[in-house]
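Report on the structure given below.
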Amino acid sequence: MITIAQARLGIHDPHDCTDASDELPILHAIYDTLVRRVGQSFVPHLATRWEVADEARRWTFHLHEGVRFHDGTPCDAAAVAKSLERMAREDKGYTLGAPAVWRQYLGGARLEVKDALTLEVTLAAPMADLLDVLEQGFIVAPSAFAALDAKDYATQIGSGPFRLVSLGAREIVAERVASHFAGLPANSAVTWRLEEDAAKRLALLEAGEVEVANGLDFEASRRLGEGRHAFLSPVAIIYLLNAAKGPLKDARVRRALSLAVDREALVESVMAGAAQPLRGFVSPNHYGAGQGAGALMDREKARALLDEAGHGGGLTLAVDCPTRLPDEAERLTAALAAQLAEVGINFEVHIHPEREDYAHMVRRKEIRDLCVFDSSPMSTYRVLYEKIDSRVAGSWWQGYANPRIEALIDRGRVTADRAARAELWQEAYALLQEDPAWLTLYNPLRVIGLKGRHPEFEMPADGVIDVARLPVLEET
């Protein structure tokens, strides 16, 4: 038995959409998915292989034989189809402020069970990055659907390497199954323990009361020595810009903001060095992330752009700012205001203490000129489609439109070849540096602590603990 101490604890409907790094490890332990993310690619998991045809509209998945859910029922093509159907429901795929995320991609799909081990998925529209969705497409035993629909989240029946034993307010326990097609995890059971205080999580690890402590303080955790593992979070800390009306409708003003920011200084003053400057719309961990120097600080050019846009005498922007998520939002806004004052931009700040109300305000597109936000999907395509494509006008889209970006999205969705598609997303990355939809600032650096010395350990690119692939941490 190993214990993982973390800041938040809970498990909800596996067919809702979450990017929560405290919940996803639990879901991935209990449930299987058709594919598994490794770095920026995907490898077979419940599906042994797949074929893509018809410009990425038709996908055929071939499944492992003999897989059963924890209640003994078969995990076959029919069961997989039922999970994908449930994911596509209008009342599923909910994430903070945004309903039916998965329906955007799976809605209207034809699911044809060819035989017990073969499922053909024909999408309503091409999506070459479908595996981005299916990597979080948890395959749930149909016998659990009614309980989950009734919000009985203690009923979690998957086919994953661990089965749920107990679900409490401060502890969730799962035990390793007797056999699993992907091999057995190194540790026999896992307890996720709630401990909100980072200092207490560190103390628990040092005292040997837990084997893993996540979300540790960047500096205090240094005393763990080789037990400390720092990693880049793919979550982008950004300001959404109101490109529908007001000063930021002008692309010159949006670019001036980006050029005026000293991201390295923000990382030091706001995050005490625990972040990496972000100059594009997705992190370096993302598939298709680009490089480019389009967002390097150039305040002289920023002033020239502001003058050209008619703001040479100064500009005041109204900023919406939450008190958490990101937790440093108020400090960040104050530091950013001080920097932008150097080019004649002043802030009028409006604080929002209720984070879910804030998310709904953003979704309704009621922000003032800009607002503090983050972007967490690990899918480059989802970020482009849901947040930047004006034809979709998704939940977090704020009026931005660029026909060249949208042409790349159209080409990418039908380009099944991953290398060719990555080049398209890299091109979009460069264009979004020249004509930014957001003010992108940094990716946080996070720390996880492990008991003992494990030099081979690396956190996955998505920043989610892969419990089934942790090294041996329990006493033998």
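The values are calculated or read from the model by the stated rules, or taken from the named source; none is laboratory data. What you see is a predicted model, and the numbers here were worked out from it, not measured in a lab. Heads up, the Cβs are rebuilt from the backbone with ideal geometry, glycines too, and the neighbour counts pull from every protein chain shown. To get the accessible areas, we keep the full protein, side chains included, count just its heavy atoms, and leave off ligands, DNA and RNA. Shrake-Rupley method; radii C 1.70, N 1.55, O 1.52, S 1.80 Å.
Residue ranges 103-115, 201-213 sort as 201-213, 103-115 when ordered by packing (mean number of other C-beta atoms within 10 Å per residue, highest first). For Ala189, the residues 5 or more places off, or on other chains, whose built amide H falls under 5 Å of its own are Ile2, Arg176.
Once the piece of chain linking Glu196 and Asp327 is laid out straight, how much longer is it, given 0.36 nm per residue of separation minus the C-alpha distance between them?
Roughly 45.8 nm would be gained on extension.
Can you tell me the orientation of helix 403-413 relative to the chain, as the angle in degrees between its alpha-carbon axis and the longest Cα principal axis, to the nearest 10? Here the helix axis deviates by roughly 10 degrees. On a per residue basis, the chain carries 39 Å² of accessible surface, using protein heavy atoms and a 1.4 Å probe. Solvent-accessible area of the chain (1.4 angstrom probe, protein heavy atoms only): carbon and sulfur portion equals 48 percent. Note on the chain: antiparallel DSSP beta bridges, both residues inside, total approximately 75 percent of the bridges counted. Modelled spin-label separation between Glu423 and Ala125, with each label point placed 7 Å from Cα along the Cα-to-Cβ direction: 2.5 nm. A cut-off of 5 Å between modelled amide H atoms, ignoring neighbours fewer than 5 places along the same chain, links Val210 with Leu205. Relative to the longest principal axis of the Cα atoms of the chain, the long axis of helix 299-308 makes an angle of roughly 70 degrees.
For region 184-213 and region 344-415, write down the distance between their C-alpha centroids in whole Å. Using only Cα atoms to place each centre, the spacing works out to 36 Å. The lysines within cross-link reach of Lys151, meaning a Cα-to-Cα straight distance under 25 Å and a gap of 8 or more places when in the same chain, are Lys82, Lys92. Expressed in Å, the radius of gyration and Dmax of the Cα atoms of region 114-256 are 22.3, 61.
Could you size up the charge dipole of the chain around its Cα centre, putting +1 on the beta carbon of Lys and Arg and -1 on that of Asp and Glu, and report it in debye to the nearest 20?
Value, rounded to 20: 520 debye.
Any idea what angle helix 418-434 forms with the longest principal axis of the chain, computed on alpha-carbon atoms, 0 to 90 degrees, nearest 10? Value to nearest ten degrees: 30. Summarising the label geometry, the points placed 7 Å from Cα in the beta-carbon direction at Ala318 and Glu65 lie 6.6 nm from one another.
Looking at region 135-167, the chymotrypsin sites (Phe, Trp or Tyr not before Pro) that sit in a DSSP loop and have at most 15 other Cβ atoms within 10 Å of their own Cβ are Tyr153.
Ignoring aspartates and glutamates fewer than eight residues from Lys245 along the same chain, the ones with Cα atoms less than 12 angstrom from its Cα are Glu366, Asp369.
Per DSSP helix of 4 or more residues, -39500 (n - 2.57); summed, then divided by the residues of the chain. What does that give at 222 nm, rounded to the nearest 500? Computed mean residue ellipticity for the chain: -7000 deg cm²/dmol. Region 226-334: Rg/Rh from Cα coordinates, Kirkwood Rh? On the Cα set of region 226-334, Rg over Rh gives 0.99. Here the calculated FRET efficiency for Asp262 and Glu458, from their Cβ-Cβ distance with R0 = 22 Å, stands at 0.10, rounded to the nearest 0.05.
Multiplying the residue separation of Val165 and Ser143 by 0.36 nm and removing their Cα-Cα distance gives an extension gain of 6.2 nm.
Suppose we look only past 41 Å in the calculated P(r) of the chain. What percent of the Cα-Cα pairs does that tail hold? Can you show the working numbers first?
Working: 22285 of 113050 pairs.
I get 20 percent for the Cα pairs in the chain exceeding 41 Å.
Compactness of region 323-413 is given as radius of gyration and Dmax, 15.3, 42 Å, from Cα positions. Note on Glu51/Asp115: beta-carbon distance plugged into 1/(1 + (r/R0)^6) with R0 of 22 Å gives a FRET efficiency of 0.90.
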